[in-house]
Amino acid sequence: MQSSSGGTVFPHRGLPPPIPPGPRTPRGMPDGKASVSAMQFGLFSVSDITRDPTTSYTPSEAERIDAIVKIAQKTEEVGMDVFAIGEHHNPPFVSSAPTTLLAYIAATTKRLIVTTSTTLITTNDPVRIAEEYAMLQHLSKGRMDLMIGRGNTAPVYPWFGQDIRQGLPLALENYNLLHKLWREDVVDWKGKYRSVLQGFTSTPRPLDDVPPFVWHGSIRSPEIAEQAAFYGNGFFANNIFWPKEHYIRLIKFYRQRFAHYGHGTEKQAIVGLGGQAYLAKNSQDAKQEFRPYFNAAPVYGNGPSMEDFTEMTPLTVGSPQEVIDKTLTFRESFGDYQRQLFLMDHAGLPLKTVLDQLELLGGEVIPVLRKELAARRDPETADAPTHENLVKAKYGDKPARQPRPNANRGDNVTGESPYQDTAENFKAEYPSLV
């Protein structure tokens, strides 16, 4: 796998110095800013449209899109921090344009961090990712980040002109390019899987010239954990369908490699976890209400019983206290971490049911988890990543860079500096096309 310099996909051993965690401030920042806290809680959705097995009703795409927006707004209303949406390009999913959806959600909320639960690094052009998510970063005033992943839908690769057999090297090379595009005003690039770039500038530049924080999401691949560690990025373990032992190995490996590359100690590595829950005031009601959805859901049906599945995986079906108790075991298994996202709006659950779930989750579960996890937290653990933290780490008390273009060059391939604050003698180096 080749980089712009013809080396491996991890070309730079001289990495920038580690980014220290930002200062902790009370939750509840002014309008337009995300809260700065040790840990973030929220929801992630896969945007599935599934028939409700109790009514046989299947929502339309329009209804489901509207429901996702309402769920995201409710996530903020009940006091949570993050809403994440997946990227899919096939029925029964509707989130084919996550930046458009998240931009609308950011515009209709005040504090919520919007993010992806997968941005397909394999089938999206890194140039388009750089442009679209930088624009989302500006529109949300920094209340965003993104999760990079390969996706697990095999047919999507040829739809976008790619070969699934190259999925892993595509993921590694494409992110290497994305990383450069957000950090260099003028990029020269020659890789294996896309056309050459010569003197290319991705616009807009990231907000405050600070790239969005990137999580690398993985279900099974140590190579992705290695990639996250190399760049000092976050590692998100899906933590839904597989036993905890599987994720313990991946997270431990990521922490070790994070420290190896000089970004901090293993405890300072940035980890996020998924989780699943269905809540009711008492456990029996929760089980009775969720069982038909569990039994009919494509991802669960014809497999283990609901009781066996909850025993083997992070799924909790029960009272708020049961969700609290099980979520607290995540720290025991994986160590302190920075982001906990719950899957709540799936399997055909109607919108009203999901919103009622969020009332219980935000009102009775999250406040207790915040308090308990904060009390147990190792002081060495890094805070959750936010734009404010990253800006503070880069600039300290100095003003952030605000890129101002030079006169229109007309083509973006002259190799000259596109911005007023770049050295006058700057000249891009064109890679050989041979």
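The values are calculated or read from the model by the stated rules, or taken from the named source; none is laboratory data. Since we're looking at a predicted model, the values are computed, not measured. Please note: Cβ atoms are built from the backbone with ideal geometry, for glycine as well, and neighbour counts cover all protein chains shown. Protein only, heavy atoms only, side chains kept; ligands, DNA and RNA dropped before computing areas. Shrake-Rupley method; radii C 1.70, N 1.55, O 1.52, S 1.80 Å.
Numbers at a glance
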quantity	calculated
Residue-level accessible surface for Arg401, protein heavy atoms, 1.4 Å, Å²	40 Å²
Surface accessible to a 1.4 Å probe, per residue, for the residues of segment 46-185, Å²	37 Å²
Calculated FRET efficiency for the pair Ala400/Glu311, C-beta based, R₀ 60 Å, to 0.05	0.75
Ordering of 315-328, 206-219, 87-100 by burial proxy (mean other Cβ atoms within 10 Å per residue, highest first)	206-219, 315-328, 87-100
Per-peptide average of other Cβ atoms within 10 Å, ordering 101-107, 262-268 highest first	101-107, 262-268
Net length gained if the chain between Asn295 and Arg376 were fully extended (0.36 nm per residue, minus Cα distance)	25.5 nm
20 °C / 1.002 mPa s Stokes-Einstein diffusion coefficient of segment 165-224, Kirkwood radius on C-alpha pairs, µm²/s	165 µm²/s
Percent RCO, i.e. relative contact order, over segment 296-376, from Cα pairs under 8 Å lying at least 6 residues apart	34 percent
Linear extension gain, Glu63 paired with Tyr261, 0.36 nm per residue minus alpha-carbon span	66.6 nm
Ranked order, Met306, Met135 - accessible area, probe 1.4 Å, largest first	Met135, Met306
Per-residue SASA entry for Val78, accessible area with 1.4 Å probe, Å² rounded to 10	30 Å²
Heavy atoms of Ser195 accessible to a 1.4 Å probe, total area in Å² rounded to 10	80 Å²
Prolate/oblate/rounded label for segment 237-343 (Cα gyration tensor, a/c 1.5)	prolate
